[in-house]
Amino acid sequence: METKTRMSCEERKCRILEAVRRIFSRKGLEGTTTRELAKEAGVSEALLYKHYPSKEALYQAMLESCDGEFMGEVKKITSLESSTSTLVTLIHFMVAALLRRRVPEVEIRLRLYLQSILGDGEFARLIIKQKQEDCSVISKIADCIQAATRAGDMDPSPIPAALRALLADRLAFMLVSEHLPEKPAIDFGVSKDKLIENAVWFILRGVGMKENAIRRYYNPQALELLSA
């Protein structure tokens, strides 16, 4: 009897997450009411709140439910020793994963963020705060910038490593947002492979890496095989 009740609860939570994914992507976080979410999921608002105390908590659970294998890749890369080579690997992984749509539910994440900016921005601020405090990729990029600086692979910069890491993340985010429509908003004039390679070069130079260090460590074909 206990197993049956527990499975029923898990199935209901999965149903809720599947349903809210659809409505969140259509209407955004601020534009969706808990009543609409409950109706879409086929449950009462009271039951919805029993499982998830807020829309933000529900959204976070939705993302965590589909991260799975991808987060395993992230942890594998962020567990590498901080170095110039790891910095190159991280930047390539970040840009390629976004542009190749390997980040789970990347379109929903982008649309919700952009819709929030058009509204009161509360959800966008929450996401950025989480990225700055909890995102292992951003903090690892900052650590790698410091390691590369000690190795002599970076040009001097007045910009703190943590800010350079966040700016690198934001640039990659804006680049992929241009590809939200079926026909990208901007014609970059190159193939997706070349766009990824050029964007990685641009970001690495932006965070201060010397060109000779990029040429020494950046092999996009080898990194693609590594992440395949």
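The values are calculated or read from the model by the stated rules, or taken from the named source; none is laboratory data. As the structure is a prediction and not an experimental result, all values here were calculated from the model. Don't worry about glycine lacking a Cβ; one is built from the backbone with ideal geometry, like all the others, and counts go over all protein chains shown. Side chains are part of the model used for accessible areas, which takes the heavy atoms of the whole protein and leaves out ligands, DNA and RNA. Shrake-Rupley method; radii C 1.70, N 1.55, O 1.52, S 1.80 Å.
Before moving on, here are some points about what is shown:
Condition check ((1) out of contact with any strand residue (DSSP E or B) (no Cβ under 9 Å at 6 or more places or on another chain); (2) modelled with pLDDT under 75; (3) within 25 Å of ALA222 (Cβ to Cβ)) across all residues:
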position	(1), (2), (3)
PHE70	yes, yes, yes
GLU73	yes, yes, yes
THR89	yes, no, yes
MET94	yes, no, yes
ARG102	yes, yes, yes
ILE117	yes, no, no
GLN130	yes, yes, no
ALA142	yes, no, yes
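- Segment 197-228, subset free of Cβ contacts under 8 Å to residues at least 60 places away in the same chain and assigned to a loop (DSSP other than H, G, I, E, B), residue farthest from the chain's Cα centre (by Cα): LYS210
- Only listed residue being under 26 Å from ALA148 (Cα atoms) and modelled with pLDDT under 90, chosen from ALA222, ALA185, ALA199: ALA222
- Here PHE173 fulfils each of the conditions (1) assigned to a loop (DSSP other than H, G, I, E, B); (2) in contact (Cβ under 8 Å) with a residue 60 or more places away in the chain apart from (1).
- Annotation: THR3 fulfils all but one of (1) at pLDDT 80 or above; (2) open to solvent by 80 Å² or more (accessible area, probe 1.4 Å); (3) of a type outside the set (D, E, K, R); (4) part of a helix (DSSP H, G or I); the unmet one is (1).
- Any hit, segment 50-64, residues being assigned to a helix (DSSP H, G or I), over 14 Å from the mean Cα position of the chain (by Cα), aromatic (Phe, Trp, Tyr) and at pLDDT 75 or above: no
- First in segment 43-60 and open to solvent by 60 Å² or more (accessible area, probe 1.4 Å), second anywhere and part of a helix (DSSP H, G or I) and β-branched (Val, Ile, Thr), Cβ under 8 Å, 6 or more apart: GLU45/THR34; TYR49/THR34
- The number of residues in segment 176-196 being closer than 22 Å to ILE117 by Cα, part of a loop (DSSP other than H, G, I, E, B) and β-branched (Val, Ile, Thr) comes to 1.
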